[in-house]
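Worksheet: the structure to be examined is printed underneath.
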Amino acid sequence: MKQHPLYIQILIRLAFLIVPLLGLYLLMVFTYDPHKLCDGDYHRHTMGPVGYVLMGGFICVIWFIAMIIEIIWRYFNSDKKVLSLLIFLLAIGFLAVMFFI
C-alpha cells in the first residue's frame, strides 16, 4: 500500500474536521431565521444558534476521539512519523478548543 506524503495526510485529517463544520455553518446560515417569531416591533429572539454550537462541539469531540484512536493504532503499528504528526494535530486542536472556551 502506497503511503501518501505527510502534507496530504495532514490535509486529509483536517478535512474530516473542516468539512462537517463548514456544512453545519452553511446549514445555520441558510436555515436559521432569528426574526421568525417577531411580532411587529416586539422582538422574540430564540436560542437557536446554541444548538448549532453544541453540534459543532460534538463534531470536534468525535474528531478528537478518532485522532486518539488513530494515535493508539499508529503506536502499536510502529509508524512513528505519522504518530508524531497526529500528536501535533491533537495538541493544536486542543489548544484551539481551549482558546475558544
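Here, each number is a calculation from the coordinates, and none is a lab measurement. Just so it is clear, the structure is predicted and the values come from calculations on it, not from any experiment. Glycine also receives a Cβ, built like all others from the backbone with ideal geometry; neighbour counts cover every protein chain displayed.
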Legend entry - Given (1) in contact with a Pro (Cβ under 7 Å, 6 or more places away or on another chain); (2) surrounded by 12 or more Cβ atoms within 10 Å (Cβ to Cβ), number of the condition residue 55 does not satisfy: (1)
Inset, instruction - Could you tell me which of the residues 26, 17, 95 is touching a Phe, Trp or Tyr at 6+ places or on another chain (Cβ under 9 Å) and either part of a helix (DSSP H, G or I) or aromatic (Phe, Trp, Tyr) (or both)? - result: 17
Inset, instruction - State whether one or more residues within the range 33-51 are of a type in the set (D, E, K, R) and touching a residue at least 24 places away in the same chain (Cβ under 8 Å). - result: no
Inset, instruction - Go through the range 40-90 residue by residue and tally those that are farther than 19 Å from residue 4 by Cα and polar (S, T, N, Q). - result: 1
